[in-house]
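Each remark here refers to the structure printed beneath this line.
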Amino acid sequence: MAKVTSKLQVTIPKAIAVRYGIAPGTELDMRPSGDRIEVRIRLRASEDAAERAYRLKLFDQATERQKARDRARKPSAGTVERGWTREELYERGSR
């Protein structure tokens, strides 16, 4: 467990620092995430660009897989009339 000092500094446990390659001078980003704080290692510009390219590649692959699933899916026979609209459903209790 880490404690916050009077200067609002936090010591990272050695096991975590070793595991994630955190060394003196490593820059960390801290962002609020609900009732938690998310800590991320700030990548250098070249690493950041490579990471972004990798994530975009994964996103494009996932998009292509979804498009293939959509093409393989049989089209529905048509829309079934329910006798009500979404707007009517929301307005039902307010009258």
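For region 33-67, filtering for residues that are assigned to a strand (DSSP E or B) and either more than 23 Å from R19 (Cα to Cα) or among the acidic types (D, E) (or both) leaves 1. Within region 21-32, the set of residues being assigned to a loop (DSSP other than H, G, I, E, B) and within 17 Å of L8 (Cβ to Cβ) comprises just one member, E27. Looking across region 33-58, the residues that are modelled with pLDDT under 85 and surrounded by fewer than 10 Cβ atoms within 10 Å (Cβ to Cβ) come down to R44, A45, S46.
Are any residues in region 67-84 surrounded by fewer than 10 Cβ atoms within 10 Å (Cβ to Cβ) and modelled with pLDDT of 80 or more, and if so, which ones? R69, D70, R71, A72, R73, listed by residue number. Just so you know, in region 15-32 the residues that are touching a residue at least 12 places away in the same chain (Cβ under 8 Å) and surrounded by 11 or more Cβ atoms within 10 Å (Cβ to Cβ) include one that is farthest from M1 (Cα to Cα), and it is T26.
The values are calculated or read from the model by the stated rules, or taken from the named source; none is laboratory data. Computed from a predicted structure; not experimentally measured. Here Cβ is always computed from backbone atoms with ideal geometry, including for glycine, and neighbour counts include all displayed protein chains.
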